[in-house]
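Just below is one structure, and these are the notes that go with it.
Every number here is computed from the coordinates shown, using simple stated rules; none is lab data. Please read all numbers here as calculations on a predicted model, not as lab measurements. Cβ: placed from backbone, ideal geometry, glycine included. Neighbour counts: every protein chain shown.
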Amino acid sequence: MTSSDSRRLLPRLLADWQTGPARAVGAFAAALGCLLAGLLGGFSLADMPWSTMGPAAGVVLAGLVRWGPGSAAGAALGAALALLAQPLPPLEIGISLVALAAGLALAWRLLGQVGFERRLERARDVGWLVAALAGVFAPVAAAVATSALRWTTLHPLVDRVGPLVAAWATLSIGALLTAFPLLALDRRALFVLERAPRLASAAALAGGAAFATALLCVPANQVGQLGGLLPFVPPLLLVALAVRHGAPLAAAALLLCATAGALACASGAPWWAGAVQPAPLATGAWLATLSALLLMLHAGAVEARWREQRWEWALDGSRLGVADWHVRRGEGFASTAWRALAPSADAGWTPAVWLRQVHDDDRAGLEAAIAQIDAGQTGRLQLELRMRHEAGWRWRLATLLVIERGTDGRPARILATLADVEDRHEALERQRLSTSLFQHLHEGLLVTDAELRVLEANPAYAEILGVPRDRLLGTVPSLLRPAPDDARARQQRVEMWTALRERGTWRGELDERRADGSLRTLQATISTVPGTDRRLSHHVLIISDITEQRHQREQLERQALYDELTRLPNRAHLSTLLTEAMATADRDGFMVAVCYLDLDHFKPVNDRFGHDAGDRLLVELASRLRNTLRRRDRWADVAARLHGDEFVLLLRAGSIDEARRAIVRVLRVLTQPYLVDPEADPVPITASMGATLYPLDHSDPETLLRHADHAMYDAKQSGRNGYVLFDPASRQEREAQALAQDEIEQALDRGELMLRYQPKVDMRSGRVIGFEALLRWEHPTKGELPPHSFLPRIEEDRLLVRVGDWVLSQALEHLAQWRRDGLDFAVGVNVSARHLRREDFAAQLAALIGRHGHDLAPYLELEVVETAAIAAEDSPTTSEQMRLCRELGVRFALDDFGTGYSPLRYLKDLPADTLKIDRSFVHHMLDDAQDRGIVEGIISLARTFGCSVVAEGVETPAQARMLLDLGCDIGQGTGIASPLRAEQVAQWVREFRGVFVIAPAPGEALARLGG
């Protein structure tokens, strides 16, 4: 451990006394200190038992007050041991301990009631300590002890006043000598131990005082004539020690002096004992005088320090730094607040140090101020300057004040104060910025009081509304008046004030007239500003002129929502209008006629007169529509243009008859002739209209338009120049039709359609001559579906042609593969009349055939139902396509022959190579003579016209036998084979062995014809 660590050990023990391990050490130290104090007291004062009780009591009280009951208990033990160490009877020791405890208890109670501060930092605390020890403890302990000893023979003179006073004095002096240094000793008092020069000074003064005391108490006067001065040397040295290093150390030195004096008297009475009697009284008076002197010094010092501390706290609280400069002595002092405002590494403070901390731009001003003060030109100066603080600069307010002048009138002492004004400078800067912003802001800014009277307005506000600022001040602006004349503006004000009351702010558009009367649209934001009492204090209004932006926005809205040519609502806006009309109809209980209008023969007008004339016609039509539509306060009919010459009307009606009358009225106005060319006669134009009535047709807006469109199409089909009302009863069927078509198209795209192949065989020879491709749909939930369950849904739709192309492509793909595998048979494919009517049917078929690299046409047979073939004779396109197909080498077969009631003249001209007997005749020919006759007639016709004949629906051997008997050798049906998958065909053909069972009897039904 170094010497520095040794000097710091005691302060750390004092600070950490209450910690756990230190308590035991503290109690032991208190016991030891009390024992030593009692022994030294008894040795120094030599007045038993008081000389032992007094110092011990001081240690006990100091331990109790400063370190708590634990150390007090140790000190009490030390006091008992000190008394036991004295040559006293046990009874007297016991009485002394009881008297000691009684006096200390009362003194402790007194200190607790008066709010005694154990650190003795106030003069009143020093006074209360003296009162507790000299006024309570000492008299009580002396009285208790003398009263108890009166009844013993140990002290026969205790009833006299002299011994009682001596006991009181001894107890007071001893207690004060030990209690005072132990209580007053703190970190500041022990600070002297941490610096060698101060430690040496304190040791020299204390040692000198102790040495002088020892010389004073030696038995023989060895100092000659200077002996008369010795009684004054220790007080002077102790006072010097108290002034320089503190009274607590001086009190400890006084205790050291008493010990040194006692040791010097050990060999005999002091040299002055003969001149002063009694000697103990003189010694006690001398110690008491020195103790009182030190206590007064300490009281004065702590009181002065207390006042200084209060001023320091006041200055720190006001954030005002103070510096004191003695001009002539060159000494300076800076307060804690000053050093906080102007941190510096220099130990002392001087104006030069201050100047180094000032910003370069402000240093000349401070130097000039100091020069003026030093020259006596003024007694007080104030200036603002920037001083370094941490990593930057902060503004400070410095005040220089002359507080003392010399005999020549020049300043002898200057006081400087420093205050932080950075916040004020920042506030001023913000205020300047706000003022500049307020004046140069493009938006208008207005501030009013709680009663809406204008307090301030910026130039932009006056410019926007054309009102001078002077006329605005003190008035209520028109923007904030609650009831303007215009209804729209009045509604805007209602919304604004409602939002202000509920939320304290509002933002929106306001219509306002300038001073010149022009109407402007303003974007406004208004807010309420509460005061310190949370009541309304001000209103702040910000406006910007958005008139041009509003015009541009309205123009964009017109472009987005209105047709550019006719200025009628476009399709996008129509959706909104239709939705609103439906909601109004639901609320008010009327009907809305949704009308889809299309001009008849509008294209010839464009072709004859040009597109400009057509546009003029459409503009005139839109004008007529606007003039025809009805308008009321709460509703109005609507007309909109979709595209081209198609329009939509939304007509209000109370009944179906009223809707019909409204539609007729519109059509009557629209069908008047139009003057599209000034040099030509007016052009007559008619229109077709379809309409649906909501809520009778309770559909969504898009569906309503679609229904009206369908009705318009029906009107076109019915001859044009009229209208048709949509029938909601047929809606479900149409929707189901559309849904089915969509589902079939998705099935085609997903690959759910496939072909099955049913063989056609020569029942007489057992040879396979071909297969018919049959379409199937492998539905994901319904299983395999035959064609009659879904093809009728697309008979009139373009999808039928697409499905037909796919069937042809797949059949040719399979046929080509079978031909490559060495199989020799034809494939028949059913073709619809709609498919044959396509102008490029033959060309597409040729392309499909050519894709496979060799001629498949002779092995492809297109099967056409009889009714379609007859219709083809009346269709030049169909006839031409059939002719082109035959030129390719493709054969044709008439399917379901006998069901079309065809005249024979048509049959003669048909390009058919095969007739297929319908299965219905084959099924009943065994038991129905008429069906058998029809079969026999078809076979005869086929021979006559040179066609082969195929019987469909052969299911039993009896049917096969009869067909062979009638002359039909080729059969097709489930009795021969069920439709096969494409990958099964080749194996079936190779394994087929022909007919092996033919029963003559018509009743045999389940025998197989082939295996």
Notebook entry, point to check: If you put +1 on each Lys and Arg Cβ and -1 on each Asp and Glu Cβ, how big is the dipole of the stretch 362-479 around its Cα centre, in Debye rounded to 20?
Noted result: 360 debye
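Given the C-alpha atoms of the stretch 389-449, compute the convex hull and give its volume per residue in Å³. Don't jump to the answer; show the numbers that get you there.
Values: hull volume 10.9 nm³, N = 61.
With only Cα atoms used, the stretch 389-449 gives 179 Å³ per residue.
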Notebook entry, point to check: Once the stretch 738-834 is represented by equal point scatterers at the alpha-carbon sites, with solvent omitted, what log10 I(q)/I(0) does the Debye formula produce at q = 0.10, 0.13, 0.16, 0.22 Å⁻¹?
Noted result: -0.32, -0.51, -0.73, -1.13
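How big is the Cα convex hull of the stretch 911-959 in projection, averaged over all directions, in nm²? Show your work: numbers first, answer last.
Numbers: hull surface 13.2 nm².
Taking the Cα atoms of the stretch 911-959, their convex hull projects to 3.3 nm² on average.
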Next item on the list: Pull up the DSSP beta bridges for the stretch 743-991 and report the antiparallel fraction as a percent, rounded to 5.
Entry: 40 percent
Next item on the list: In Å³ and rounded to a whole number, note down the convex hull volume per residue for the Cα atoms of the stretch 743-991.
Entry: 134 Å³
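Can you pull a Stokes-Einstein diffusion coefficient for the stretch 583-630 at 20 °C (1.002 mPa s), Rh from Kirkwood over Cα pairs, as a whole number of µm²/s? Walk me through the numbers before you get to the answer.
Working: Rh = 13.3 Å.
Translational D for this selection: 161 µm²/s.
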Item checked: Built amide H within the under 5 Å cut-off of Val761, gap 5+ -> Ile769, Gly971
Next item on the list: With viscosity set to 1.567 mPa s and temperature to 4 °C, compute the Stokes-Einstein D of the stretch 562-726, Rh being the Kirkwood radius across alpha carbon pairs; µm²/s, no decimals.
Entry: 81 µm²/s
Check: So what is log10(I(q)/I(0)) for the stretch 344-466 at q = 0.09, 0.16, 0.20, 0.22 1/Å, when the Debye sum runs over its Cα atoms only?
Finding: -0.47, -0.83, -1.11, -1.25
Next item on the list: With 5 Å bins from zero, work out the P(r) of the stretch 610-652 over every alpha carbon pair and list the percent per bin.
Entry: 5, 21, 27, 21, 13, 7, 4, 1, 0
Next item on the list: Please name whichever of Leu650, Tyr596, Leu670 sits farthest to the positive end of the charge dipole of the stretch 581-696, dipole taken about the Cα centre and charges placed at Cβ: Lys and Arg +1, Asp and Glu -1.
Entry: Leu650
Item checked: Amide H within-cut-off set for Asn721, under 5 Å, with H built and near neighbours excluded -> Ala687, Ser688
Checklist line | q = 0.10 Å⁻¹: log10 I(q)/I(0) that the Debye formula gives for the stretch 441-551, counting C-alpha atoms only | finding: -0.27
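At 0.36 nm per residue, and after removing the present C-alpha to C-alpha distance, how many nm does the segment from Tyr713 to Val447 gain when stretched out fully? Display every interim value, and only then the final one.
Numbers: separation 266, 0.36 × 266 = 95.76 nm, distance 6.57 nm.
Answer, rounded to one decimal: 89.2 nm.
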